[in-house]
Amino acid sequence: MELTLGHIIGLTLTILLVIGSGLYSARTVTSAEGYSLGGRSAGTALVAGSIAGTVIGGGATVGTAQMAYSLGLSAWWFTLGSGIGFIIMGLFYARPLRRTGLETIPQYLVANYGKTAGPLVSVISSLGILLSAVASCLPGIQLIAALFHLGPWPAALLLMLLVAAYVFFGGIKSAGVAGMLKMVIIWLTLLAAGGTAWLALREMPAFALQFPDFPWLSLWGHGFWAGLGNLFSLIVGIMCTQTYIQSIFSAADSRTAAAGAFVAALIVIPVGLPSIAIGMFMHATHPAMLPILVLPGYLLQYQPAWLGGIGLAGILLSLIGSIAGLTLGIGTMLSRDICAELFQVKSSQTLLWINRGIILLVMGLACLIAVAHLQSQVLLWNYLSMALRGGGVFLPLTLAIFAPGRLPGSWALASMAISTLAAILAATVFPVPIDPLFIGLAVSAGIILAGLISKRWQAGHGSAGKAHCRS
């Protein structure tokens, strides 16, 4: 993968424009709340930019092309499922969450289930989000290494520096502004590149033989239950991801929060299709290529140099923005819900720098894990991440939003802890042919049901006892 002067100019100018805009917007950020929520004044475009700028990362671009190279249309589940998740968020979750005036998911659960819920949910959510950051670090390191002929460690260091420039100073405001610009770049370059790939596929004389309808042109080509599991894991994972909820909290009002989620869905759903066309074209023309480099390889070989350079910058920025948004979510939770409570931090400035420090540490850890697993599938990390985030938190969070006060705090805590452990064990120690998310949700539902029955039974016996005493 050799860069020409045209590639280098397009790549450099685009990255400088996007990151420079984010740094410029950071000049007004001086407090911890301004860093994590942008002063709760974000409009629809900024909310949508923050959400889409985070979800469109390694999985939505490089990972989708990588999976399409082997499986075809079923690689669309990541962006399709994410978009459906944001529609559901806009319809049911955005307004009640924004009306609370809170900052993190753990704060919401603390208000419903007690103080112990804060640290527990912070750790559970942070572990899940970390795996999504790894999913964007993997192609980021591979791409930087291939483009600039670096080893994995120097490439990881350069990636960390770019992510730090993207989010370290301005927080969610930088991520939102840069995210909007990044979306325009990705949409235009991928639309042009995917269009030429699709036209080339249509003109292939042996297209039907090379790509039979099943599995290549079926959403269920990877298996019906696998597709359904991927869709459900994305919907559940999105509802439990601090970064997306944080964008909702940053909105000027509840109506803006819902509109931002809907706009993000419109941006995200179609963005996977060009990557799928490119992945299938490269499968037909370059069957021996390293799958993770399919998308950048196509941009270098089959697009004009200036457009290829801008497209490469868009891919890099999608990875950088995703890592930035995810690590910002972890930093906000751990600084607010653990460090502030544990060390009794009251100063907004101190909290701001704790948040920034955690972001740097999380970036380093994500890059370390990625370097140790460079040959793994990007989307596998994303789906596992969604399972860990959603398996323990989704049902208690949903119950707290739509039926507050129904579930006793002790049962909610047991549900979150035990179901998350069950999902982890199902994914690692005792692998089963069922998505770990479903294991976690089943355990969570069982414990919650027992808690609801127990509360009703105690209420019934308490009423009976009082009546007996009166008689």
Subset of segment 198-212 (residues that are more than 14 Å from residue 72 (Cα to Cα) and in contact with a helix residue (DSSP H, G or I) (Cβ under 6 Å, 6 or more places away or on another chain)): 200
Residue that is farthest from residue 258 (Cα to Cα), among those in segment 76-115 that are buried (at least 22 other Cβ atoms within 10 Å of the Cβ) and among the polar types (S, T, N, Q): 79
Options 250, 233; residue that is at pLDDT below 90, more than 27 Å from residue 436 (Cβ to Cβ) and either crowded, with 21+ Cβ neighbours inside 10 Å or touching a Lys or Arg at 6+ places or on another chain (Cβ under 9 Å) (or both): 250
Whichever residue in segment 121-158 is among the small types (Gly, Ala, Ser), touching a residue at least 12 places away in the same chain (Cβ under 8 Å) and farther than 30 Å from residue 397 by Cα and, among such residues, is surrounded by the most Cβ atoms within 10 Å (Cβ to Cβ): 140
Residue among 298, 244 that alone is within 20 Å of residue 10 (Cα to Cα), touching a residue at least 24 places away in the same chain (Cβ under 8 Å) and either among the small types (Gly, Ala, Ser) or crowded, with 22+ Cβ neighbours inside 10 Å (or both): 298
Count - residues of segment 183-203 that are over 27 Å from the mean Cα position of the chain (by Cα) and exposed (fewer than 15 other Cβ atoms within 10 Å of the Cβ): 3
Residue, surrounded by the most Cβ atoms within 10 Å (Cβ to Cβ), within segment 430-447, restricted to residues that are of a type in the set (Val, Ile, Thr) and under 23 Å from the mean Cα position of the chain (by Cα): 439
Matching residues in segment 257-313 - criterion: being among the hydrophobic types (A, V, I, L, M, F, W, C) and not in a helix (DSSP H, G or I): 288, 289, 290
Residue match in segment 335-350 (condition: part of a helix (DSSP H, G or I), in contact with a helix residue (DSSP H, G or I) (Cβ under 7 Å, 6 or more places away or on another chain), of a type in the set (A, V, I, L, M) and within 22 Å of residue 247 (Cβ to Cβ)): yes
Residue within segment 453-465 that is in contact with a helix residue (DSSP H, G or I) (Cβ under 9 Å, 6 or more places away or on another chain) and modelled with pLDDT of 90 or more present: yes
Test result for residue 270, out of contact with any Gly (no Cβ under 8 Å at 6 or more places or on another chain) and over 14 Å from residue 45 (Cβ atoms): yes
Residues of segment 412-451 satisfying the condition of being of a type in the set (S, T, N, Q) and at pLDDT 85 or above: 415, 419, 420, 444
Elements of type helices (runs of 4 or more DSSP H) contained in segment 59-170, each with 1 or more residues being of a type outside the set (A, V, I, L, M) and closer than 28 Å to residue 224 by Cβ: 64-71, 77-88, 117-148
Residue within segment 101-120 that is in contact (Cβ under 8 Å) with a residue 60 or more places away in the chain, touching a Phe, Trp or Tyr at 6+ places or on another chain (Cβ under 7 Å) and closer than 22 Å to residue 317 by Cβ present: no
Subset of segment 280-290 that is out of contact with any Gly (no Cβ under 8 Å at 6 or more places or on another chain) and not polar (S, T, N, Q) - its residue that is modelled with the lowest pLDDT: 290
Count of residues meeting criterion [surrounded by fewer than 13 Cβ atoms within 10 Å (Cβ to Cβ) and either on the phi > 0 side of the Ramachandran plot or of a type in the set (S, T, N, Q) (or both)] in segment 340-355: 3
Filtered residues of segment 1-22 (kept if modelled with pLDDT under 75 and surrounded by fewer than 20 Cβ atoms within 10 Å (Cβ to Cβ)): 1
Verdict on residue 313 being among the hydrophobic types (A, V, I, L, M, F, W, C) and free of Cβ contacts under 8 Å to residues at least 24 places away in the same chain: no
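The values are calculated or read from the model by the stated rules, or taken from the named source; none is laboratory data. What you see is a predicted model; the values in this text were computed from it and never measured. When we count neighbours, we look across all protein chains shown, and the Cβ atoms used for this are built from the backbone with ideal geometry, even at glycine.
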